[in-house]
1. With runs of 4+ DSSP H residues as the only contributors, calculate the mean residue ellipticity of the chain at 222 nm using -39,500 (n - 2.57) per run, divided by the residue total and rounded to the nearest 500.
2. Considering only Pro202, Pro240, Pro146, give the residue with the highest GNM mean-square fluctuation for the chain, with springs between Cα atoms whenever their separation is below 10 Å.
3. Say R0 is 25 Å: what FRET efficiency, to the nearest 0.05, do Glu140 and Tyr269 get from their beta-carbon distance?
4. Rank these residues by their accessible area, most exposed first, probe 1.4 Å: Trp35, Trp211, Trp62.
5. Quote the accessible area belonging to Glu95 in square angstrom, nearest 10, computed with a 1.4 Å probe and with ligands, DNA and RNA left uncounted.
6. DSSP loop (so not H, G, I, E, B), at most 10 other Cβ within 10 Å: list which trypsin sites (Lys or Arg not before Pro) in the stretch 79-108 pass both filters.
7. How do Phe272, Phe177, Phe260 rank by accessible surface area computed with a 1.4 Å probe, from largest to smallest?
8. Using a cut-off of 10 Å between beta-carbons, work out the net charge of the residues near Pro219 (Lys and Arg +1, Asp and Glu -1, Pro219 not included).
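The values are calculated or read from the model by the stated rules, or taken from the named source; none is laboratory data. Quantities reported herein were computed from a predicted structural model and do not represent experimental measurements. For neighbour counting, all protein chains shown are included, and Cβ atoms are generated from backbone atoms with ideal geometry for every residue, glycine included. Surface accessibility is based on the protein's heavy atoms, side chains included, excluding ligands, DNA and RNA. Shrake-Rupley method; radii C 1.70, N 1.55, O 1.52, S 1.80 Å.
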Amino acid sequence: MRVRVLVSGLVWLAVTPFAAWAVLRVGGFEGPWPWAPVAAYTPYAAAASVLVLVGAAALRRWTAGAVALVVAVALAAAVLPRGVSDGAVPARGRELRVLAANLMVGSADPEELTALVTRLRPDVLTLQELTPEAAERLGEIRRALPHAVELPGPGASGSGVYSRYPLTAAEPITIRFTQARAVLAEPGGARVEIVSVHPCPPKRRESLTCWRAGLDALPRGGGQPRVLAGDFNATLDHQPLRALLAAGYRDAGDATGQGFTATWPQPGYSRFPGVVIDHVLADARMTVTSYGVHPLAGTDHRPVFAVLKLP
């Protein structure tokens with residue numbers, strides 16, 4: 001009897017954390033710190049919840065197993081769609097190629113970044129953690145993308161937008177970090193707002209308010225077409241990012257079925273498992289025709305690249 005009770009207790013001990021995780025994720029709750037950084041690992045929790053389900057069934061703990069089944073299904077429903085292309089019909093407008101890269105306090109290799117720009121031929125490049133020193137090393141990139149709205153700053157605070165086409169500077173979003181904004185005049189006559197996204201990370205309890213405010217300050221969809229590209233410090237399992245998507249955007253990785261391709265950290269920079277915190281969010285009226293995640297030496301982030309069709 002004691003063994004049966006002990007086994008049942010251990011099974012429930014395994015099931016309960018995943019049940020709480022599912023309630024927070026599916027219910028749309030942010031929860032107290034450290035839920036924000038923990039929520040980024042929801043895909044891993046979804047995979048682990050299946051193992052818990054198998055264990056409960058193997059041990060014939062049917063009540064706990066039923067709860068584990070509900071939890072596994074709920075988490076799977078939350079994460080699996082990002083691995084399936086949305087199959088959207090391409091828009092009829094011109095193509096816009098967007099690249100976003102976090103330079104890790106300006107330390108990314110400028111030659112590799114230039115090579116990436118040469119190979120991918122973006123029309124727009126957004127940079128995060130752009131320091132004054134890093135901005136001085138962008139000579140080759142400026143020749144390829146001669147129009148710029150640069151707001152370099154110390155540490156991780158700076159950002160910039162670089163373009164093949166003329167840009168008009170817009171009011172930046174500054175909440176500890178500066179998120180540069182610009183309006184691009186596309187040759188076909190369209191005007192598209194570009195935002196280099198970089199809210200502060202929710203690493204500590206005291207930075208949670210700054211993180212949420214930085215995401216909430218991003219412009220909602222509708223009206224002028226917009227593209228938000230950069231280091232969001234958030235995954236599709238964070239409520240503020242999901243609220244932004246619901247307000248008129250589609251995530252390029254999710255739309256193309258590549259929403260599980262990790263962007264941080266690059267191998268060798270951290271022992272943490274990879275998560276998807278860098279994104280290209282396209283106006284919902286645009287179509288994402290391709291998407292990719294690329295290596296870049298000298299930074300812990302992997303740049304993200306998307307090809308969009310304008311409405």
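1. Working: 10 runs with 109 residues, N = 311.
Theoretical 222 nm ellipticity from helices: -10500 deg cm²/dmol.
2. Largest GNM mean-square fluctuation: Pro146.
3. Values: r = 25 Å, r/R0 = 1.00.
Plugging the Cβ-Cβ distance into 1/(1 + (r/R0)^6) gives 0.50.
4. These residues rank, largest area first, as Trp62, Trp35, Trp211.
5. Surface accessible to solvent at Glu95 totals approximately 80 Å².
6. On the way: sites: Arg82, Arg92, Arg94, Arg97; in loops: Arg92, Arg94.
Loop-located and lightly packed - Arg92.
7. Values: Phe272 125, Phe177 30, Phe260 95 Å².
Highest to lowest solvent-accessible surface, that is Phe272, Phe260, Phe177.
8. On the way: positive: Arg181, Arg220, Arg226; negative: Glu193.
Here the charged neighbours net out to +2.
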